[in-house]
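One structure is given below, encoded as structure tokens.
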Amino acid sequence: MAAKRVYQVWKGSNKFIFGGRLIFGPDARSLLITLSLIIFPVIIFCVFVARHLRHEFSSYYSGYAILVVAILFTIHVLVLLCLTSARDPGVIPRNSHPPEEEFRYESSGVGGQQTPSLQFPRTKEVMVNGLPVKVKYCETCMLYRPPRCSHCSICNNCVERFDHHCPWVGQCIGLRNYRYFFLFVSSATILCIYVFSFSAFYIKVLMDNNDIGTVWKAMKESPASVVLMAYCFISLWFVGGLSGFHLYLIGSNQTTYENFRYRADGRINVFNQGCLNNFLEVFCTEIRPSRNNFRDFVQEEVQRPLTTVVVRGREPDDLGGDRRPKVEDDLDIGEDLLKISQRRNVEELGEDIRSRGSNGAPYNTAEPDSILSSDHRAPTIRSDARHSSWERSGNWEIAQDVFANSNVTESRNYVTSKEICQ
């Protein structure tokens, strides 16, 4: 099975074309509407207006310049539109697990017992220009969003310096495409003014050359000019107003998201560096490279070792690590007691142990044959506190499941274990 590329397993809602080289938002189809709103009016302008103005100037090539400029400037607008909508706006790669360095291990009492629990802070503060800024944790991307970053619900990605999601370009507007977005909007505004102006100029030419005399007769002579003037006038309210609004945002170093959400809070804008520096930051700084290589092959993540939870005031072993060694110890003790009970009765075993204690000789585990004939280990009891009732009861009573596994009665083994401990 061939390895998949990053764009093929991408968890966001984006759409990719040309093998992951171009990235769009989920509403990329709206881009076709935007293209038609730009291309069709320009075609009408070139065919019905600019073509008739080629010989209306004293200089022969001046009329051709109107047609050429319209075509070249339209191409310029379309290139800016593609740079805005077909590139990574500043998506932050998702984490495959929460950042472990941010976990806080605390103990909570449940039923009189200390149970460790994981506490994960949802917000934390970072310093920006000497002032604290609170950043939030994104549960979808499993990361702390950098300042000015927000999660786009449409693209399902965290985007750096998130401005807004523009349905007209079918893409989020963020750190890496905001410059091109503003240039696109402002260039579209200039194109509207250009088409409107020369359409009105053609009406004036018709009034002068054909002795029509009135504006209404000139408008009937060229209805395409009237339609273009009306269309450009309406469009100017949108793209022109949007250009002016973003000029204000750039001058004050705000984003659309920040302006609409925080303008009523009276917060201090810690990112404002002055009008000139704010414009230089947007237009003169180098655009950061993308954090994502969508054409790269997916790398299998190495399994990370489990982290032991440590709670203050208790030993690490008390926190429920691997319980298998403790269970095995309990089973070994039960088997030893079973063999002892089969070999000797309880009284003989007690006398043997007391005689050893009175002679002062330590219990030597290297001589197991004096007690066990068929086993090579001496019975040992560990004071490990995991998975047992010893710590709670304060004695050396063995857990009930050990007796059940060893098939030894509780009363007999209880006495035997008492004697061994003595």
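Structure values in brief
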| quantity | calculated |
| --- | --- |
| Heavy-atom SASA rank of ILE75, ILE23 (probe 1.4 Å, accessible area, largest first) | ILE75, ILE23 |
| Heavy-atom accessible area order for TYR178, TYR257, largest first, 1.4 Å probe | TYR257, TYR178 |
| Packing rank of 41-51, 64-74, where each peptide gets the mean count of other beta carbons within 10 Å, highest leading | 41-51, 64-74 |
| Inter-probe distance in nm under a simple model that places probes 7 Å from Cα toward Cβ, at LYS204 and PHE297 | 6.6 |
| Length-normalised contact order of the stretch 155-309 in % [C-alpha pairs under 8 Å, at least 6 apart] | 22 |
| Probe 1.4 Å - accessible area at GLU281, Å² to nearest ten | 60 |
| Kirkwood-type radius of the stretch 144-200, with distances r between different C-alpha atoms, in Å | 12.9 |
| Using a Förster distance of 25 Å, the FRET efficiency for THR214-ALA65 (Cβ separation, nearest 0.05) | 0.25 |
| Theoretical gain in end-to-end length, ILE190 to SER36 [0.36 nm per residue, Cα-Cα removed] | 53.7 nm |
| Solvent-accessible area of MET207 with every protein chain in place, 1.4 Å probe, in Å² to the nearest 10 | 40 |
| Calculated P(r) tail over 17 Å for the stretch 8-86, as whole % of Cα pairs | 58 |
| Net charge of neighbours whose Cβ lies under 12 Å from the Cβ of ILE287, counting Lys and Arg as +1 and Asp and Glu as -1 | +1 |
| Shape category assigned to the stretch 225-282 from the gyration tensor of Cα positions, a/c cut at 1.5 | oblate |
| Where GLU100, GLU286 fall by accessible area, highest first, once all protein chains stay in place (1.4 Å) | GLU286, GLU100 |
| Per-residue SASA entry for ASP265, accessible area with 1.4 Å probe, Å² rounded to 10 | 90 |
| Spin-label zone in the stretch 157-179 - amide nitrogen under 17 Å from a point set 7 Å from the Cα of THR285 along the C-beta vector | 159-164, 173-179 |
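The values are calculated or read from the model by the stated rules, or taken from the named source; none is laboratory data. Quick caveat: nothing in here was measured; it's all calculated off a predicted structure. Neighbour counts are summed over all protein chains in view; Cβ atoms, including those assigned to glycine, are modelled from backbone coordinates with ideal geometry. Keep in mind that these areas ignore ligands, DNA and RNA; they rest on the heavy atoms of the full protein, side chains included. Shrake-Rupley method; radii C 1.70, N 1.55, O 1.52, S 1.80 Å.
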